[in-house]
């Protein structure tokens, strides 16, 4: 009778295309292994807002689904996932809270009420104390490619991928991140904000930079699919994908340098169109010495990617990103100067009345 009162949303055999993860969860403190992160991601990918209209939802995944999605032999699902589920059931997540006094605090809550694997079915029951973080997107959300996320091998690469996925929208810039905040996001800090005992090697910032940042960027930039959607830019110091902000010799912030590539209609191109686009635009640039427009650069990049010439497409996208990074601040300054000029004119005409 008890089971009849529980709510089990239907989990399709088709892997959801995206994981929709709210801003609070993206920037929460969570310390999950790669496989733990995969299980957590599968639940969120299948979670819909309406699932919470009734009782706390119970998500069931068959051994067939888990085998196909996680690449595990169906005969070994239990032995592989039982210890993972056991650890995951005890994990807490630290939710960032800003007080009315402007202070930052973290509230730690268990991720799950229950996880079990029985009779070839994995059941995951989310903690309803995190309901708002799971389904309320008023602060924004990350739209994470599910297949790409599951295909990544390392836990820190997965974490960085979902973090950067929060900033896919044009004009929504990722501001420099404080070093200590990033250490929390990567699961290195305890509830008191101190480095965890089993993470003592990360006390050296060079270890954090190598394992969490450089190695993660390297895996993302070499992934056959991700490298076609996410481009890492070089800093003035030659660092790929990030720029260090220091006070003296001390690293205080990291600014990630990346660009989500417009997928456009690459699939709608054909071999003739792609070759013709490259020939016309490259001749325009090289022979006629004409500067290509942003739209032309996007077309050129798509044509190169259609032909599998990603190294050429990357150069085009790097140039476009650098151009826009230079132009946008200048445009803002011009606009501000124009507004101030009009204001000064009105002040003169109207004898500068009080505010």
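Please treat every number below as a calculation from the coordinates, not as lab data. Owing to the predicted nature of the structure, the values given are computational and were not obtained by experimental measurement. Cβ atoms come from the backbone with ideal geometry, glycine included; neighbour counts cover every protein chain shown.
How would 29, 250 line up from fewest to most surrounding beta-carbon atoms within 10 angstrom? Spell out each step's value before the answer.
Working: 29 22, 250 8.
So the residues, fewest neighbours to most, are 250, 29.
In this calculation the C-beta distance from residue 11 to residue 282 is compared with R0 = 35 Å, giving a FRET efficiency of 0.10. Taking other C-beta atoms within 10 Å as the exposure proxy, 53, 317 rank 53, 317 from fewest upward.
Suppose a student asked you for the relative contact order of region 30-159, using Cα pairs under 8 Å spaced at least 6 residues apart; what percent would you report?
Details: 148 pairs, mean separation 39.5, N = 130.
Taking the mean separation of contacting Cα pairs over the length of region 30-159, I get 30 percent.
Once Rg and the Kirkwood radius are both taken over the C-alpha atoms of region 183-329, their ratio Rg/Rh works out to 1.10.
Ranking request for peptides 97-105, 82-90, 127-135: highest mean number of other beta-carbon atoms within 10 Å first, then the rest in descending order. All intermediate terms of the calculation are to be shown ahead of the outcome.
On the way: 97-105: 8.1, 82-90: 15.1, 127-135: 16.7.
Descending mean neighbour count gives 127-135, 82-90, 97-105.
For region 1-145, the alpha-carbon radius of gyration amounts to 1.07 times the rule-of-thumb value 2.2 N^0.38 Å expected for a compact globular protein. Scoring 183-196, 8-21 by mean Cβ neighbours within 10 Å over their residues and listing the highest first yields 183-196, 8-21. Could you work out how far helix 77-89 tilts from the main Cα principal axis of the chain, as a 0 to 90 degree angle to the nearest 10? Relative to the chain, helix 77-89 is tipped by roughly 80 degrees.
What is the packing order of peptides 37-47, 114-124, 234-244, 301-311, taking the mean over residues of other C-beta atoms within 10 Å and listing the highest first?
Numbers: 37-47: 21.8, 114-124: 16.3, 234-244: 14.5, 301-311: 18.7.
Averaged packing, sorted descending, gives the order 37-47, 301-311, 114-124, 234-244.
Distance between the 7 Å Cα→Cβ label points at residue 181 and residue 75: 5.0 nm. When you restrict to C-alpha pairs under 8 Å that are six or more residues apart and normalise by the size of region 99-256, the relative contact order lands at 17 percent.
Equivalent ellipsoid of the chain: semi-axes from √(5λ) of the C-alpha gyration tensor, largest first, are 40, 29, 22 Å. Compared with the dominant principal axis of the Cα atoms in the chain, helix 271-286 is inclined by about 40°. Rg over Rh for region 152-260 works out to 0.95, using Cα positions for both radii and the Kirkwood form for Rh. For the chain, the longest principal axis of the Cα atoms and the long axis of helix 34-46 meet at an angle of about 80 degrees.
Short-range pairs are left out: with C-alpha atoms under 8 Å and at least six residues apart, the relative contact order of the chain is 14 percent.
The C-alpha radius of gyration of region 160-205, expressed as a fraction of 2.2 N^0.38 Å, stands at 1.39.
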